[in-house]
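Heads up: the structure comes next, in structure tokens.
Laboratory data are not the source of any read-out in this text; all were calculated from the coordinates shown. Please read all numbers here as calculations on a predicted model, not as lab measurements. Don't worry about glycine lacking a Cβ; one is built from the backbone with ideal geometry, like all the others, and counts go over all protein chains shown.
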Amino acid sequence: MSIRVLIVDDSATAREVLTRALQKDSEIEVIGTAPDAYVARDKIVALKPDVVCLDVEMPRMDGITFLKKIMQYMPVPVLMVSSLTQKGASVTLDALEAGAVDVVGKPHQNIYDGIEAIEKELISKIKMVASSNLRAKIAKRQSSNTQILEKKYSLATTTNKMIAIGASTGGTVALAELIKSFPRDIPGTVIVQHMPAGFTEAFANRLNDISTVEVAEAKDGDVITKGKVLIAPGDYHMVIRREGGQYKVRLGTGEKVSGHRPSVDVLFNSVSKYAGANAIGVILTGMGSDGAKGLLKMRNAGSHTIGQDEKSCVVYGMPKVANDIGGVEIQLPLELINDKIISTLNKMES
């Protein structure tokens, strides 16, 4: 049975190009397109798509407003197909917070530029969304009033420790919940979140605005220091190195690993080598298996490792594989991971 997709974009060219790209895959059926939210609303009701691909900037009703209405009245998995501009990145983050599952970046000048890469990513994510029973999860999430309470934490000391976190689909919201509760003196933290180039800076800035710690997009040579969170820039691998008495970030543009650049595996492998027992590794919601083998290496090197549990994941892919191969020391719901990080850090110092 094919995956039924509705494409919503105000550009006729974009609708045509995306339709043609998706129709190359025999498992996907484009059941319709729409130039704006009002046409899309009627088609969602009539056609009941499995996945909606939604642009952000549209006439009559913008994509974010429409997305919120979809989530409220007719929950369905939504992938944002958004332009790779600073404004597009910021608005797309709003969409992820409003309930979109993931984002695929498209060129802001010519949709034909890089269409092969977009095509591969879009098809992969549509299949992931369709196979993970997300419709039921989204409906349940929208009907729930449960909130994660912000807590205040305290640490004994934080000398020479490090936290490494990997996330993908659903990770932007999960990371916001984690990091906004970090104490000011949290050990230096490095993060790989799968996002297109151009989106990670806006994401880091947004986290910085809601957190007591400093959050920034990583730059080559950055020192990993107490109270600072560094996020790998899109399209760059990030590793850590020990230089003298400091941990530093190094960035590179090598081949994709586990299908990604940045790759969680690349980061975790370096943490296992240079930080070992001084590190805590956390793997959050995400499709695929990136980070699973790296987390196992961290655990084998003496790191404490935590995986997000299935119930609280948007997509229980990366944490599942990591747990199945023995990389996860303990699985926890998202709202308990901060407690575990803090208690583990305090034990590491005792």
Set of aspartates and glutamates near residue 340 by C-alpha distance (under 12 Å), chain-local residues within fewer than 8 positions excluded: 329
Pairs of lysines in the range 4-90 (C-alpha under 28 Å apart; 8 or more residues apart or interchain): 8
Backbone HN-Hα couplings from phi across the range 179-191 [Karplus 6.51/-1.76/1.60, Hz, Gly and Pro as x]: 6, 5, 9, 5, x, 4, 9, 4, x, x, 10, 10, 9
Distance between modelled label sites at residue 336 and residue 197, nm, 7 Å Cα→Cβ extension: 4.2 nm
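Just check the range 1-79 against the gyration tensor rule for me: Cα atoms, a ≥ b ≥ c as the square roots of the eigenvalues, rounded for a/c under 1.5, and otherwise prolate or oblate depending on whether a/b exceeds b/c. List each step's numbers first, then the result.
On the way: a/c = 2.11, a/b = 1.28, b/c = 1.65.
Note, shape of the range 1-79 comes out oblate.
Would you kindly state how much longer the chain becomes between residue 346 and residue 120 on full extension, computed as 0.36 nm times their sequence separation minus their alpha carbon distance, in nm to one decimal? Please list the in-between numbers first.
Details: separation 226, 0.36 × 226 = 81.36 nm, distance 4.42 nm.
Extra length available between residue 346 and residue 120 comes to 76.9 nm.
Mind giving me the FRET efficiency for residue 73 and residue 24? R0 is 45 Å, r the Cβ-Cβ distance, nearest 0.05 is fine.
On the way: r = 32 Å, r/R0 = 0.72.
After rounding, the FRET efficiency stands at 0.90.
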Prolate/oblate/rounded label for the range 241-350 (Cα gyration tensor, a/c 1.5): oblate
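Over the chain, what relative contact order in percent results from Cα pairs under 8 Å that are six or more residues apart? Working shown, then result.
On the way: 783 pairs, mean separation 42.5, N = 350.
This gives 12 percent for the chain.
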Cα long-axis angle, helix 200-210 against the chain (0 to 90 degrees, to the nearest 10): 70 degrees
With Cα atoms, 0 to 90° folded angle of helix 63-73 axis to the chain main axis: 90 degrees
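Please report the relative contact order for the range 162-349, taking Cα pairs under 8 Å with a sequence separation of at least 6, and give it as a percent rounded to a whole number. Can you show the working numbers first?
Details: 474 pairs, mean separation 38.1, N = 188.
It rounds to 20 percent for the range 162-349.
Within the set of other residues whose C-beta is less than 12 Å from the C-beta of residue 96, count the net charge using Lys and Arg as +1 and Asp and Glu as -1. Kindly include the intermediate steps, with their values, before the conclusion.
On the way: positive: 206; negative: 94, 97, 102.
Spelling it out: positives minus negatives among the neighbours equals -2.
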The range 247-317-the range 32-78 distance, computed between alpha-carbon centres (Å): 35 Å
Net length gained if the chain between residue 248 and residue 219 were fully extended (0.36 nm per residue, minus Cα distance): 9.5 nm
Under the Karplus curve 6.51 cos²θ - 1.76 cosθ + 1.60, θ = phi - 60°, whole-Hz ³J(HN,Hα) for the range 307-313, x wherever Gly or Pro sits: x, 6, 7, 4, 4, 8, 7
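Placing +1 at every Lys and Arg Cβ and -1 at every Asp and Glu Cβ, with all other atoms neutral, what dipole size does the chain have around its Cα centre, in debye to the nearest 20? Walk me through the numbers before you get to the answer.
On the way: 42 positive and 40 negative charges, 162 e Å.
Once rounded to the nearest 20, the dipole reads 780 debye.
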Simple spin-label estimate for residue 12 and residue 57 in nanometres, 7 Å along Cα-Cβ: 2.0 nm
Nearby lysines by direct alpha-carbon distance to residue 256 (threshold 22 angstrom, same-chain neighbours under 8 apart not counted): 106, 120, 125, 127, 219, 248, 273, 293, 297, 320
Extension reserve of the residue 311-residue 46 stretch, reckoned as 0.36 nm per residue once the Cα distance is removed: 92.3 nm
Residue 224 long-range amide H proximity, modeled H, under 5 Å: 247, 248, 249
Three semi-axes of the equivalent ellipsoid, the chain, Cα gyration tensor, whole Å, largest first: 35, 20, 18
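Taking 8 Å as the Cα distance limit and 6 or more residues as the minimum spacing, I'd like the relative contact order of the range 1-88 as a percentage. Numbers along the way, then the final one.
Working: 137 pairs, mean separation 26.6, N = 88.
Relative CO of the range 1-88 lands at 30 percent.
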Folded to 0 to 90 degrees: helix 12-22 orientation relative to the chain principal axis, Cα: 70 degrees
